[in-house]
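Novice: Submitted below is the structure of interest, expressed as structure tokens.
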Amino acid sequence: MIICHGVSSFKSLMTILAGTLGVGNIVGVATAITLGGIGSIFWIFISGVFAMATKYAETYIPLKYREVKKNKYIGGAMYVLKNRLDLKILATLFSLFVICSSFGGAMIQSNAMTETISLDTNISKTIIAVIVTMFSCYVIFGNEERISTVSSIIVPIAIVIYVHMCIYLMISFKDNIINSIFLIVKEAFQFQSVCGGFLASAAINAMNVGMSKGLYSNEAGMGSSPLFNVSVNTKKSIKEESIIASTSVFIDTVLLCTITGILIVASGMYQEVTNPIDIVNNVFSMVPYGKFLLMVSISIFAISTLPCTGYYGVVGINYIFQNKKFYEIVYKMIYTICIYIGCLSTVKVVWSISSIFNAFMIFPNLILIYKLRKEIRA
């Protein structure tokens, strides 16, 4: 009898949420509004609804074809592409995209955390960068068990804090909530007007930005979170585990991203400030001790996301290289350097880098889902 080591379903869900909750839910939503207008919020919501099905499908297939190696489960889109579909080049490309995307993700999370902490405490960004990098090293140079344990402890705390702030703001803006929802939907469909061409362009921009930020938030379609899902050691069926994975999209995008966007619109702050981080800080500072609570939430989200994203990159490294341990260590060193660089970089640069490689990951993963669509059982 083969005994496989792995993490529990709860720890897996918390780790997946650690990899998705955070900057995408808070700063990412504000960024979407500044780039595509408030109509972007509607398309973030829509992307989340459809992404639940995508997340189910992209989790189901890797779980079905995961393998056991050295008493551990391994798997992911690259293994399915190679072993089931015989698409070795595509599998290698997907692994490369995962690695590159992880570097961009590290920079985004560390950047947002550093900006928030330095803005609220006036602590030097260099000092913050050193502390964040050192803590991340401790978790990243561990294994999936250490990553999942850290996530299962701190992620629920961050969720409770953030939801508490959102509830407070919803009560404070109760007179504007309904009007804000109508305004968001109206702006999302501004195709017909005297200035039809311009407004159509604006609506399409809102759609593109909303969909892309929604995708960044929940990672559905990218094939990244299943890289951790395959490590689950449970008696639950593949279907049940896939449903648990798709639940992360509902919590992340359909619920928290949408609520965040509505609150930003209801506050009217997006009309006064253009910097996404400043918008978020100004809105949540309306909550008692809001700046501190926001700083704690973003810090926890980011610090829990960093090891998770790094783990995805490690899976990509282990697939590509034969001398896995050496290259894994090299990757982790480069990854921690990216964390440090991200702390000191600008928002636009890091978002652009990550968005490019996130998009590259989608194509191999969607090809996999399409070719094996008949094997997915609801």
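The values are calculated or read from the model by the stated rules, or taken from the named source; none is laboratory data. Small disclaimer: the values here were computed from a predicted structure and weren't measured. Positions of Cβ are backbone-derived with ideal geometry, glycine not excepted, and every protein chain shown enters the neighbour counts. The accessibility values were calculated without ligands, DNA or RNA, using every heavy atom of the protein model including side chains. Shrake-Rupley method; radii C 1.70, N 1.55, O 1.52, S 1.80 Å.
Novice: What ranking of 35, 263, 87 comes out by heavy-atom accessible area, probe 1.4 Å, highest first?
Specialist: From most accessible down to least: 35, 87, 263.
Novice: Suppose the chain between residue 50 and residue 377 were pulled fully straight at 0.36 nm per residue; how much longer would it get relative to their current alpha carbon spacing?
Specialist: Extra length available between residue 50 and residue 377 comes to 116.0 nm.
Novice: Also, I was wondering about something else. Which of 226, 281, 267 sits closest to the plus end of the dipole of the range 222-343, meaning its Cα is farthest towards the positive end, when Lys and Arg get +1 and Asp and Glu get -1 on the C-beta?
Specialist: Final value for the positive-end residue is 226.
Novice: I'd like the accessible area for residue 237: 1.4 Å probe, protein heavy atoms, all chains in place, Å² to the nearest 10.
Specialist: Solvent-accessible area, nearest 10 Å²: 50 Å².
Novice: When you count, for each residue, the other Cβ atoms within 10 Å and take the mean per peptide, how do 80-86, 39-45 rank with the highest first?
Specialist: Ranked by mean Cβ neighbours within 10 Å, highest first: 39-45, 80-86.
Novice: Which values, in whole Å and largest first, are the semi-axes of the equivalent ellipsoid of the range 260-346 obtained as the square root of 5 times each eigenvalue of the Cα gyration tensor?
Specialist: In descending order, the three semi-axes are 37, 12, 12 Å.
Novice: Near the amide H of residue 232, under 5 Å away, which other amide H atoms are found, from residues 5 or more places off or on another chain, if H is placed in the peptide plane?
Specialist: Close amide H contacts, sequence-distant or interchain: 7.
Novice: Output the pairs from 325/371; 64/332; 55/88; 239/371; 82/374; 88/332 with a Cα-Cα distance over 21 Å in this structure; if there are none, say none.
Specialist: In this structure, 325/371; 64/332; 55/88; 88/332 lie more than 21 Å apart at Cα.
Novice: Let me ask something else about it. Residue by residue through the range 101-118, what is 3J(HN,Hα) from phi via Karplus (6.51 cos²θ - 1.76 cosθ + 1.60, θ = phi - 60°)? Round to whole Hz and write x for glycine and proline.
Specialist: Result, ordered by residue: 4, 5, 5, x, x, 4, 5, 5, 5, 5, 5, 5, 5, 5, 4, 5, 5, 5 Hz.
Novice: Translational D (Stokes-Einstein, µm²/s) of the range 257-298 at 4 °C and 1.567 mPa s when Rh comes from the Kirkwood sum over C-alpha pairs?
Specialist: Estimated via Stokes-Einstein, D reaches 125 µm²/s.
Novice: Do any trypsin sites (Lys or Arg not before Pro) in the range 224-314 lie in a loop, going by DSSP, with at most 15 other beta-carbon atoms within 10 Å of their beta carbon, and if so which?
Specialist: For trypsin sites (Lys or Arg not before Pro) across the range 224-314 that sit outside H, G, I, E and B with at most 15 neighbouring Cβ atoms in 10 Å, the list reads 235, 236.
Novice: Then there is this: State the Kirkwood hydrodynamic radius of the range 18-110 in Å, one decimal place, computed from all pairs of distinct Cα atoms.
Specialist: 15.8 Å
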